[in-house]
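First the structure, in the form of structure tokens, and then the observations on it.
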Amino acid sequence: MRFSTKCIHAGIDPDPSTGSIMTPVHLTSTYVQQELGVNKGFEYSRVSNPTRSVLEANVAALEGGREGLAFASGMAAISAVFMLLKPGDHILLSKNIYGGVYRLGKLVLEDFGLEFEFIDTTDLALVRRAIRPNTRMLYVETPTNPTMEITDLAGIAKIGRAHRVTTVVDNTFASPHLQSPLQFGIDISVHSATKYLNGHSDMIGGIIVLNDLQLIERLRFLQKSVGAIMGPFDAWLCLRGIKTLPVRMERHCENAIAIARFLQRHPGVVHVNYPGLPTHPQHTLARRQMRGYGGMISFDLGSLRAAKRLLKRVRLCALAESLGGVETLISHPATMTHASVPAEERRRIGVTDGLVRISVGIEDVQDIIEDLRQAFESGRR
Ligand SMILES: *Cc1c(COP(=O)(O)O)cnc(C)c1O
């Protein structure tokens, strides 16, 4: 099966008891057992649930991995990944990363004896030098949030193998349609399913996909032990969203490049970050490891005042956190998604006060451009 077909069919069979084409939502906590020790593969829904299992198999196929594990949120999935570690372990992460991962590492898990170090993972020589004897994990986001930097996946996988360090990629921004980390030798791909996988801004969820049997066994154990599982209805919403992932992603990409070009030409914009622009410093690398450049753009307006003004005047673009839905969302990383990152650290990673992030939706692109144009223009009066 090719990718678009997998989105609709992989892991999904009509329900054997009714013929229902759509996967049923199995709203049950428990399952009848035929006799002691004999059941139909399900015992208790924290451990496994048929609707969730279908989603897990489906996303595993999309990522080219052996198994998928679905969690209550992207952060729950990422927490499970960090729980593979032990006190004293050192983790290297992309400096420019989802704000919630920074918060989880620095403000929660460092209390449990893990050490989080944020470095520029676009520089492979720097990554190699930063590896210590107690480094156990290399955690990369590419493209990064919100500055859209690209890290070399094959390069990271190679460093991981050479130093016996588990490599993890947050593939949320690209989605499996545009990037397949496991194919580059990365050990674990993790997603906030809340974003492009679901695509309709109507649930919260997270998914991990991987190949290594030992890691799968440990993560399954963590999933049932901690219990931060995805509920069956959310799994169903995510499954429904995934059926249109390829057509949505194509439109996100098409709209985003048009908007990136519009922003680049606009006199009010100091700088545009979009890996699809030939002016992006890692455009060639992005072209090599991605099948498209996605729907996320950030741009610098030079000051907090200019950013505030634009965000106040947009009408179609909704001022909101999150991304990856069919509707265009616009946000201000410094005060929204990255508010928990200290100001000095924000400056170091390029999250300036004038930076605006846009999650380009699949509306008619002319309507989005017109909305941005009127917001810029009314701002000048
Ligand atoms: C949203 C997001 C997360 C966290 O996912 P939730 O579903 O909100 O818990 C992690 N990484 C990235 C890149 C995200 O965009």
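The values are calculated or read from the model by the stated rules, or taken from the named source; none is laboratory data. Only a predicted model underlies this, so the values are computations on that prediction, with no experimental measurement involved. We place every Cβ from the backbone using ideal geometry, glycine too, and count neighbours over all the protein chains shown.
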>> Within segment 19-61, take every residue that is surrounded by 12 or more Cβ atoms within 10 Å (Cβ to Cβ) and of a type in the set (Val, Ile, Thr) and give me the one that is farthest from the chain's Cα centre (by Cα).
In response: Thr28
>> Against the conditions (1) in contact with a Lys or Arg (Cβ under 6 Å, 6 or more places away or on another chain); (2) part of a loop (DSSP other than H, G, I, E, B), where does Gly302 fall short? Just the number, please.
In response: (1)
> So Ala60 fits all but one of (1) within 23 Å of Arg291 (Cα to Cα); (2) of a type in the set (Gly, Ala, Ser); (3) without any contact (Cβ under 8 Å) to a residue 40 or more places away in the chain; what number is the exception?
Replying inline: (3)
> Regarding Gly41, is this residue touching a helix residue (DSSP H, G or I) at 6+ places or on another chain (Cβ under 8 Å), among the small types (Gly, Ala, Ser) and either part of a loop (DSSP other than H, G, I, E, B) or assigned by TED's automatic domain parsing to the domain that holds Gly206 (or both)?
Replying inline: no
> Within segment 313-330, which residues are surrounded by fewer than 23 Cβ atoms within 10 Å (Cβ to Cβ) and small (Gly, Ala, Ser)?
Replying inline: Ala318, Ala320, Ser322
> Are there any pairs, at least 6 apart or on different chains, whose C-beta atoms fall under 6 Å, with the first in segment 65-87 and assigned by TED's automatic domain parsing to the domain that holds Ser192 and among the aromatic types (Phe, Trp, Tyr) and the second assigned to a loop (DSSP other than H, G, I, E, B) and within 13 Å of the ligand (Cβ to nearest atom), and if so, which?
Replying inline: Phe71/Ala228; Phe71/Met230
>> Would you confirm, using the coordinates I've provided, whether Ile208 is within 26 Å of Arg291 (Cβ to Cβ), assigned by TED's automatic domain parsing to the domain that holds Glu67 and either crowded, with 24+ Cβ neighbours inside 10 Å or out of contact with any Asp or Glu (no Cβ under 9 Å at 6 or more places or on another chain) (or both)?
In response: yes
>> Between Gly11, Gly88, Gly37, Gly65, which is modelled with pLDDT under 95 and away from the ligand (no atom under 16 Å from the Cβ)?
In response: Gly37
>> I'd like to check something: does segment 244-251 contain any residue that is within 30 Å of Phe299 (Cα to Cα), hydroxyl-bearing (Ser, Thr, Tyr) and within 14 Å of the ligand (Cβ to nearest atom)?
In response: no
> Pairs under 8 Å by beta carbon, first residue among the acidic types (Asp, Glu) in segment 237-260, partner assigned to a helix (DSSP H, G or I), six or more apart or different chains?
Replying inline: Glu254/Val365
> If you go through segment 294-330 one residue at a time, how many are closer than 20 Å to Thr142 by Cβ and among the polar types (S, T, N, Q)?
Replying inline: 2
> Filter segment 221-268 for residues that are of a type in the set (Lys, Arg) and within 21 Å of the chain's Cα centre (by Cα); which is surrounded by the most Cβ atoms within 10 Å (Cβ to Cβ)?
Replying inline: Arg248
>> For segment 68-85, which positions are surrounded by fewer than 23 Cβ atoms within 10 Å (Cβ to Cβ), within 16 Å of the ligand (Cβ to nearest atom) and not in a helix (DSSP H, G or I)?
In response: Ala72, Ser73, Met83
> Is there a residue being surrounded by 19 or more Cβ atoms within 10 Å (Cβ to Cβ), part of a helix (DSSP H, G or I) and assigned by TED's automatic domain parsing to the domain that holds Val81 anywhere in segment 130-150?
Replying inline: no
> Quick check: is even one residue across segment 42-54 of a type in the set (Phe, Trp, Tyr), away from the ligand (no atom under 16 Å from the Cβ) and without any contact (Cβ under 8 Å) to a residue 12 or more places away in the chain?
Replying inline: yes
